[in-house]
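The values are calculated or read from the model by the stated rules, or taken from the named source; none is laboratory data. All values derive from a computational prediction rather than experimental measurement. Here Cβ is always computed from backbone atoms with ideal geometry, including for glycine, and neighbour counts include all displayed protein chains.
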Amino acid sequence: MYFLADNPAVYDSALKEQLEIRKLKGDDKELLNWEDTKRMKYSRNAVNETLRMAPASLGYFRDVIHDFNFAGYTVPKGWKIFLSLSTMHKNPKYYPNPDKFDPSRFEGNGPAPFTFTPFGGGPRMCPGNEFARHAALVFMHNLLIRFTWGKLIPKEKIIYNDAVSGPEHGLPIKLERRCHEPEIDAS
C-alpha cells in the first residue's frame, strides 16, 4: 500500500494484472488458487521490490565458520557478523538508483544470488517465505480490485522499531470502495 500509493504507474500495472486474473475467474466469489498467484508476475515483482526497499527486519546475525578477509581485515572464525538487509538491498553495484521503487529489477533472472535475501538464504532460509509472498499477493489482489487509497501523510518515513520496519505513523490512509470495476485496457 505504501509504495503503490507513491507510484501510480506501478499501481496501474498491478491493478491491470489483478483485474485480468479476476476476469479469468468465472465468478466474483471464486477464491484465488495457487495457479492464480503464479500468474501474478508483475505483482510478485512489486512485492519483492517492497521487501527490497523496506525489509521486514534490519538483518540477521551469522556465526563465522572459518577465517576470511574482507576489505583488508581478517574476520576470525567464531565471531558473529551482522548482515544488514537495508544496506545490502540498496547496494548501487547491484541495484542502480537504489532508492527508486522499480519492480522491473526482478524481471528475468532478477538480482544476483545472495544480494536479495529478505527471508535469509541457503539452509537457514525462512520456511514460510513462499507462504508470506502468497499471502501478500492474495491481500494485494483483494485490495486492488475492491479499493482505492491515498496516504494521509504523503512523505511518511519507513522506520525500524524493535528491529521491525514500518511506516513511522502506521500509514494512515483514506480508503474508498471502488464504485465499479475499472476497464481493462486491452492494449
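Within the stretch 151-184, the set of residues being among the small types (G, A, S) and surrounded by fewer than 11 Cβ atoms within 10 Å (Cβ to Cβ) comprises A163, G170. Checked against (1) touching a residue at least 12 places away in the same chain (Cβ under 8 Å); (2) surrounded by 12 or more Cβ atoms within 10 Å (Cβ to Cβ); (3) under 14 Å from the mean Cα position of the chain (by Cα), E107 meets all criteria but (2).
Hey, which of the strands (runs of 3 or more DSSP E) in the stretch 139-181, taking only ones fully inside, have at least 1 residues that are more than 20 Å from L51 (Cβ to Cβ) and among the charged types (D, E, K, R)? Answer list for the stretch 139-181: 173-177.
Just one residue in the set A71, A46, A56 is surrounded by fewer than 18 Cβ atoms within 10 Å (Cβ to Cβ), under 14 Å from the mean Cα position of the chain (by Cα) and among the aliphatic types (A, V, I, L, M); that residue is A56.
When K77, K100 are checked against the criterion of being basic (K, R), without any contact (Cβ under 8 Å) to a residue 12 or more places away in the chain and either under 22 Å from N7 (Cβ atoms) or out of contact with any Phe, Trp or Tyr (no Cβ under 6 Å at 6 or more places or on another chain) (or both), a single residue qualifies: K100. For the stretch 1-82, the strands (runs of 3 or more DSSP E) that sit wholly inside it and include 3 or more residues that are farther than 25 Å from F131 by Cβ are 68-70, 73-75. Residue check, G26 against (1) surrounded by 10 or more Cβ atoms within 10 Å (Cβ to Cβ); (2) at pLDDT below 95, all met but one. Which one? Every condition holds for G26 apart from (1).
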